[in-house]
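One structure is given here, and the rest of the page talks about it.
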Amino acid sequence: MTDWKSAGNTAVITGGASGIGLEFARRYASAGMNVAIADRNSEALDAARDELIAIAGNDERIMAQLCDVSESEQIEAFCDAVYDRFGAVHCLMNNAGMGRPTGAPWESMDELQQMMSINLGGIIVGCHCFIPRMLEGYEPGVVINSGSIQGITRPPGNSGYNLSKAGVLASTEGIAPAFTAMEGCPLTAPLLVP
């Protein structure tokens, strides 16, 4: 069985146009992997795509698609486009997120719902779209969900963010043992806690 980080394998990163997502994309492109990034910031997405093409040396291994992970149809369309372009996924990094304060737990319902739909909902839908196809391909792979120390320690002051990232922790804790329970499953599911 080959390593999922092998040249020619495919990494998918939501929230891939900046921050941690872009840094992972740079590293995967440098390793010779195909890289598909999604982001809702079109300007950052264009800049990231150009940078990744420069790293890869051509545009054949790089894909960038505008995608708001709070919209399940957009994640589904991104998943279809990735499989149409590269045929397989070996690394799914559910990384898109927002972190601005939402106020007290009983305030800012619209912001809270937006945070939950991006930070947690985007991961749930991403997993539902990509994991069945990754399992069907039966190739070594990894599903990385971006959490936060705040999802573990849940300090006072940003309850909405804490809640969303605690949900990411719980979701990942459900996925990882489900992979382990499947005989011969080639996938693992670590939680990234920056």
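Listing for the model above:
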item	result
Where W4 falls short, out of the listed (1) open to solvent by 10 Å² or more (accessible area, probe 1.4 Å); (2) within 25 Å of E71 (Cα to Cα); (3) of a type outside the set (A, V, I, L, M)	(2)
Residue among D84, D46, D59 that alone is assigned to a helix (DSSP H, G or I) and without any contact (Cβ under 8 Å) to a residue 12 or more places away in the chain	D84
Failed item, numbered, when E71 is tested on (1) touching a residue at least 24 places away in the same chain (Cβ under 8 Å); (2) on the phi < 0 side of the Ramachandran plot; (3) not aromatic (F, W, Y)	(1)
Candidates A54, A36, filtered to the one that is buried (at least 16 other Cβ atoms within 10 Å of the Cβ), modelled with pLDDT of 95 or more and not charged (D, E, K, R)	A36
Scan of region 91-113 for residues that are more than 10 Å from the chain's Cα centre (by Cα) and either under 18 Å from A11 (Cα atoms) or open to solvent by 60 Å² or more (accessible area, probe 1.4 Å) (or both), ordered by number	R100, P101, P105, W106, E107, M109, D110, E111, Q113
Failed item, numbered, when A64 is tested on (1) in contact with a strand residue (DSSP E or B) (Cβ under 9 Å, 6 or more places away or on another chain); (2) in a loop (DSSP other than H, G, I, E, B); (3) without any contact (Cβ under 8 Å) to a residue 60 or more places away in the chain	(2)
Residue identified as at pLDDT 95 or above and open to solvent by 60 Å² or more (accessible area, probe 1.4 Å) among P132, P140	P132
Residue that is farthest from G16 (Cα to Cα), among those in region 141-181 that are over 18 Å from the mean Cα position of the chain (by Cα) and touching a residue at least 24 places away in the same chain (Cβ under 8 Å)	G157
Number of positions in region 64-85 that are out of contact with any Gly (no Cβ under 7 Å at 6 or more places or on another chain) and either among the small types (G, A, S) or open to solvent by less than 40 Å² (accessible area, probe 1.4 Å) (or both)	10
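The values are calculated or read from the model by the stated rules, or taken from the named source; none is laboratory data. Bear in mind that the values here come from a model prediction, so they are computed numbers and not experimental data. A quick note on method: Cβ atoms are made from the backbone with ideal geometry, for glycine too, and the neighbour counts reach across all protein chains shown. For accessibility, only protein heavy atoms count, side chains too; no ligands or nucleic acids. Shrake-Rupley method; radii C 1.70, N 1.55, O 1.52, S 1.80 Å.
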